[in-house]
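Participant: Below are the structure tokens for one structure; questions will follow.
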Amino acid sequence: MPRSLGLDRPLLTVVAGLVLFGLVVLYSAGQTDVPNFAARGAWERQLVWLGIGAVVAAVAFRFSPRLLEWASLPVYVTALFLLALTLVIGRGAGTAASSKSWIYIGGHAIGQPAEFAKLAVALMLARHLSGLREAPETLRELIPACLIAGVPALLVLAQPDLGSALVFAGILFAMLFWAGVHPMLLLLLASPIASLLLAFNWVTWVGWMALLMVGLIAWRPYFWEGVAVFAANSAMGFIALPIWRKLEPYQQNRLLTFLNPEVDPQRAGYHAIQSKVAIGSGGWFGNGYLEGPQKRLAFLPEQHTDFIFAVLGEELGFAGVVAALVLFFILFVVLVRIARRATDPYSSLMVFGVLGLLFTHVFENVGMTVNVMPITGIPLPFFSYGGSFLLITATCLGLALRAAWDARLGGYGDI
Amino acid sequence: MNEFHPSRLRERAVRARWVLAVAFLVLVGAFFRTQILQVDRYRLRAENNRLRQVPLQPARGTVFDRNERVIAETVPGFSVALLASSTDSLRQILKRFRSVVPLDSADVEAVVDRYLQARYQPALVLGNATRAQVAMLEEHRAILPGLVIQSEPRRVYPRGTAVAHLVGYVNEVSQAELEGGRYAGARLGSVVGRAGLEQEYDDSLRGAPGMRYIEVDARGRLVREQGAAPPLPSVPGHALHTTIDLDLQLYVDSIWPKGQAGALIAMTPKGEIRALYSTPAYDPNSFIGGISRAELRRLTTDPTLPLLNRALQVRYPPGSPFKLATAAMALKRGLVDLHTHMPQGCGGGMQFGNRYFRCWKKTGHGSLDLLGAVAQSCDVYFYQLGLRIQLANILSDGVTMGFQERTHVDLVNEAAPIWPATTEYYDRRYGPRGWSNSVVLNLSIGQGENTQTLVNMVRFYAALAGDGKAPTPYVVRPDTVQSFDLGLNASQLDGLRRSLIAVVEHGTAARSRLQEFAVAGKTGTAQNADKDRDHGWFIAFAPAEKPEIVVGAIFEFGGHGSEVAPYVVRSIRRYLLGPDSTGGDRPRRITLPGDPTGAPVERSDSAGPAPAPPVPLLPETR
């Protein structure tokens, strides 16, 4: 029976669509009036990476969930080791020239361990959460999961790479949710972060704390947990300023310009403004493929990597943007379906972790181009040029395909 | 594990899809806002990002004389500018630029200044580049990124210095002027009028600048010069049709004695200016495309003040030509008629109070009537006439006859004359007891607290030559010509004209008589408070019986009235008879030692009515 070797056709189709769409935009990103050697040949190099990616996905597809479950811990430990190593011998490159995020061997950039660590965390969390008897119901029970994601997140933050750290949080929350943790508990877990962000204004912070009190009383967690959450929120409020001062100036600027890009239009706000200008000038149907003036004249920063979505917005307009977002949405819905039908909790959680990983990337990357999210240098799956992340994406999809393939024969199935 | 029971998973999958849907709707909403709702704003910003405006200067209107001959015109020229992304890169490019076309370091600083004023516009380097320079620069375009060469209209004054003070000059408007709003509609880089007609009629001459767009990249480097966006064409300025007779203007320039500072105005009795000449002058062409610093320094530090328009920016003591005003006041008040003699004959001066007031002629004129006193310019007669009118009346009549006000000629920077309106002026200046009635003696002969511009004096004589109405002089005909009445009746005017004819026929300017027609005029030699040397005046009109042209001239520190007269008379002849009449003749230079006005030592107490034209001519004396 031909059924594409039993591969999940919706997933393959939507991925093929995204890959094609991505290549088309990446090609355009290289067509400039101003010499841009990094962007010009990027689509050809991306083709090579796609070839390698296909192989990697095929290899990942061969891993059975049991083997994967077994390998999760070693992979995770390796990832931690590589992250720690990166802090020591890492160097900057490409779009993150000022941070230590690349590992070099013999002068060649080998890869960004942070990308690898994202997948490792998803696998490790899947292993941990699938091993639990009941879904965690208290904050205490969430501690191991938080540690699994938190340690690499801290290591990545130290590079510093805020964007990737956010991805770890995304993976963690997605997987906790899929493991059955009550959404209110997730909100409590996230509350200290909200406290941290709101602490920059005394009034908003007091408001937040009052709201939190009401929430705690209404939901009634265990007493000590309630106290702990409240204490954590208070502590965040107090350490917010010291943390702020410890941030690198460029990070501070990015956060500030997220709130108002016009604070420093020539420097810190430049990316945010130029990206919005390019996208905004696209209108309904854009300036035409290959024709975006902002892109052609190099006003768009990092147009073949971090800001490739702005090229899409400028040249293909709102219609193109919606098309891309619809493709991504379909991808995630397909992944939800695969996770739901997976044969076992590990596979299910792993697929949902992959979903969390990709979704965080998409939301953060697309969001920053229109100032919905702060600017961080994380790539857009299928669109941004870049080998490390492409291979991780390929692995993720290989694993998801495997989970779907397994489910074809049995699993929970539809009821 | 019960959490992975299909029904629970299904529940969570629904929730997960909701979360995803909301997240994507947030993104779609953000894009909708940016791309659809705010599209105009961002399109504009995108255009501003990549397009740089290059102003297209309009062609300035041509200035014509009354016979459609060109006084100032606009021809094609080239301007060279540089587009740069930063001061440093501009300096680097300029360094290379200097190896192609030499610039001095001050020029470089000027370019940097212009760049700092408008970073997104090409900074002008050469406002008036030659074809050779343009060719050299084109050849080196590769090493000069951001080089913008464009053809630009260039102002040309074919007659140069001869028309300088009349037409003025143009140059680039300054930042301060733009901010001050002095030149409405001008933009940075606009060329505006600086003096004379160019400034007075700048609004109509200038036209409106257009704009073309060039495309630059994120670092401000020029990517595309043509076709980046449709250009906005400039609107040329309006032509200006003046009343000037260019032939006369050039003739005056050609006969004017070399090195003599002064001015000449020719106008019709109705106020149409036919020539307006002032010298020393500058070459208005030298300001085009930015005057060189050396040239500007020379012009501004030159002790002869070549930038000063002596026809209307300088006040001189009017001297004897003012005696006609005194006479007009007396006639108007009915105090005298043409044949009235003064009680005291001229014996070379008169005693007033404790001072002795001299007449210019030491030997005296004897007893003269008004006609003879004008013809001989007798000071003693006018001292007494002034006393008869009385100081307060002289002052108020001077105001009504226009000696305290500008003429409001349509040329910029006319100086206001000085004339005391009331005796308070003397109280303020000298203290209530610091002056005596003797000031009236000085005033009545055109000295004292009275200084007038040439244009104001010529206007007064235009009123005498015409119907007694003093017109507001003009170079470009206004819709309505303003004038005011001196208040003299026809016979009084006729009398004054006859006295002026007598001046030329057998009075102080007799050597300048013409064969062809009668000239009426008045010489003057005005003492100057500051310098030893006197100013020579001559104001005349002709033909005396039906005046068509009034010409007044002043030689600064240089002469006696009778020396000025020949130039004025020759200008009149040229105007009335045309070029053929004056072919090769030269001014007759007359020098009479020992006579401050250069007047012929001829007594004219034959106070009869002046001979009516055509004038029976006395044989020329040498």
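Participant: Go through (1) loosely packed, with under 15 Cβ neighbours inside 10 Å; (2) farther than 30 Å from B:ARG206 by Cβ for B:ILE93 and report which single condition fails.
Facilitator: (1)
Participant: For B:ALA21, only one of the following conditions fails: (1) more than 7 Å from every other protein chain (Cβ to nearest Cβ); (2) over 30 Å from A:ALA135 (Cα atoms). What is its number?
Facilitator: All conditions pass for B:ALA21, except number (2).
Participant: Okay, next question. From the residues in segment B:200-227 that are crowded, with 16+ Cβ neighbours inside 10 Å and within 9 Å of chain A (Cβ to nearest Cβ), which one is farthest from B:ALA142 (Cα to Cα)?
Facilitator: Step by step, filter segment B:200-227, then rank; the result is B:ALA218.
Participant: Sort out which residues of segment A:286-315 are in contact (Cβ under 8 Å) with a residue 60 or more places away in the chain and part of a helix (DSSP H, G or I), and write them in order of number.
Facilitator: A:LYS295, A:ARG296, A:ILE308, A:PHE309, A:VAL311, A:LEU312, A:GLU315
Participant: May I ask you to verify whether B:GLY29 is within 14 Å of chain A (Cβ to nearest Cβ) and either under 40 Å from the mean Cα position of the chain (by Cα) or surrounded by fewer than 21 Cβ atoms within 10 Å (Cβ to Cβ) (or both)?
Facilitator: Against the criterion (within 14 Å of chain A (Cβ to nearest Cβ) and either under 40 Å from the mean Cα position of the chain (by Cα) or surrounded by fewer than 21 Cβ atoms within 10 Å (Cβ to Cβ) (or both)), B:GLY29 qualifies.
Participant: Wholly within segment B:191-264, which strands (runs of 3 or more DSSP E) include no fewer than the required count, namely at least 2 residues that are β-branched (Val, Ile, Thr) and touching a residue at least 60 places away in the same chain (Cβ under 8 Å)?
Facilitator: Strands (runs of 3 or more DSSP E) meeting the threshold: B:210-216.
Participant: I'd like to know if segment B:358-369 contains one or more residues that are under 15 Å from B:ALA330 (Cβ atoms) and part of a helix (DSSP H, G or I).
Facilitator: There is no residue in segment B:358-369 that is under 15 Å from B:ALA330 (Cβ atoms) and part of a helix (DSSP H, G or I).
Participant: Any residue that is surrounded by 19 or more Cβ atoms within 10 Å (Cβ to Cβ) and among the hydrophobic types (A, V, I, L, M, F, W, C) - is there at least one of those in segment B:294-303?
Facilitator: no
Participant: Still on this structure: Checking A:PHE63 against (1) over 27 Å from A:LEU129 (Cβ atoms); (2) surrounded by 15 or more Cβ atoms within 10 Å (Cβ to Cβ), which test does it fail?
Facilitator: (1)
Participant: For segment B:109-136: of the residues being aliphatic (A, V, I, L, M) and under 32 Å from the mean Cα position of the chain (by Cα), which is farthest from B:ASP88 (Cα to Cα)?
Facilitator: So, considering only residues that are aliphatic (A, V, I, L, M) and under 32 Å from the mean Cα position of the chain (by Cα), the one farthest from B:ASP88 (Cα to Cα) is B:ALA129.
Participant: Still on this model: Going by the structure shown, is A:ILE171 modelled with pLDDT of 80 or more and buried (at least 16 other Cβ atoms within 10 Å of the Cβ)?
Facilitator: Against the criterion (modelled with pLDDT of 80 or more and buried (at least 16 other Cβ atoms within 10 Å of the Cβ)), A:ILE171 qualifies.
Participant: I'd like to check something: does segment A:323-343 contain any residue that is more than 29 Å from A:GLN294 (Cβ to Cβ), assigned to a loop (DSSP other than H, G, I, E, B) and within 11 Å of another protein chain (Cβ to nearest Cβ)?
Facilitator: yes
Participant: Okay, moving on. I'm trying to understand the selection: among the residues of segment A:287-322, which are of a type in the set (Phe, Trp, Tyr), more than 10 Å from chain B (Cβ to nearest Cβ) and buried (at least 22 other Cβ atoms within 10 Å of the Cβ)?
Facilitator: A:PHE307
Participant: If the Cβ limit is 7 Å and pairs must be 6+ apart or interchain, which residue in segment B:570-588 that is within 12 Å of B:ALA266 (Cα to Cα) pairs with which residue that is of a type in the set (Lys, Arg) and at pLDDT below 70?
Facilitator: Partner pairs satisfying both residue conditions: none exist.
Participant: Which members of segment B:50-102 meet the condition of being in a strand (DSSP E or B) and of a type in the set (Ser, Thr, Tyr)?
Facilitator: Once the filter is applied, which keeps residues that are in a strand (DSSP E or B) and of a type in the set (Ser, Thr, Tyr), segment B:50-102 yields B:THR74, B:SER79.
Participant: Run B:TYR42 past the list (1) surrounded by fewer than 16 Cβ atoms within 10 Å (Cβ to Cβ); (2) touching a Gly at 6+ places or on another chain (Cβ under 9 Å) and report the number of the one that doesn't hold.
Facilitator: (1)
Participant: Of (1) farther than 25 Å from A:LEU358 by Cβ; (2) within 27 Å of the chain's Cα centre (by Cα); (3) free of Cβ contacts under 8 Å to residues at least 60 places away in the same chain, A:GLU248 satisfies all except one. Which?
Facilitator: Unmet condition: (3).
Participant: Check off (1) in contact with a strand residue (DSSP E or B) (Cβ under 8 Å, 6 or more places away or on another chain); (2) within 30 Å of B:ALA540 (Cα to Cα); (3) among the hydrophobic types (A, V, I, L, M, F, W, C) for B:ILE255 and give me the number that stays unchecked.
Facilitator: Among (1) in contact with a strand residue (DSSP E or B) (Cβ under 8 Å, 6 or more places away or on another chain); (2) within 30 Å of B:ALA540 (Cα to Cα); (3) among the hydrophobic types (A, V, I, L, M, F, W, C), the lone unmet condition for B:ILE255 is (1).
Participant: When you scan segment B:424-489 for helices (runs of 4 or more DSSP H) that lie fully inside it, which ones turn up with 1 or more residues that are crowded, with 22+ Cβ neighbours inside 10 Å and at pLDDT 90 or above?
Facilitator: In segment B:424-489, B:439-444, B:454-465 are the helices (runs of 4 or more DSSP H) which contain 1 or more residues that are crowded, with 22+ Cβ neighbours inside 10 Å and at pLDDT 90 or above.
Participant: Sticking with this one: Considering every residue within segment A:304-315, establish whether at least one is under 23 Å from the mean Cα position of the chain (by Cα) and more than 29 Å from B:ALA21 (Cβ to Cβ).
Facilitator: Yes, some residue in segment A:304-315 is under 23 Å from the mean Cα position of the chain (by Cα) and more than 29 Å from B:ALA21 (Cβ to Cβ).
Participant: A further question follows. If only one of B:ARG60, B:ARG12 is within 7 Å of another protein chain (Cβ to nearest Cβ), surrounded by 14 or more Cβ atoms within 10 Å (Cβ to Cβ) and charged (D, E, K, R), which one is it?
Facilitator: Only one candidate qualifies: B:ARG12.
Participant: Here is a follow-up. Within segment A:344-376, restricting attention to residues that are over 16 Å from A:ALA122 (Cβ atoms) and in a loop (DSSP other than H, G, I, E, B), which residue is farthest from the other protein chains (Cβ to nearest Cβ)?
Facilitator: Selected residue: A:THR376.
The values are calculated or read from the model by the stated rules, or taken from the named source; none is laboratory data. Please read these numbers as outputs of a predicted model, since none were measured by experiment. Glycine also receives a Cβ, built like all others from the backbone with ideal geometry; neighbour counts cover every protein chain displayed.
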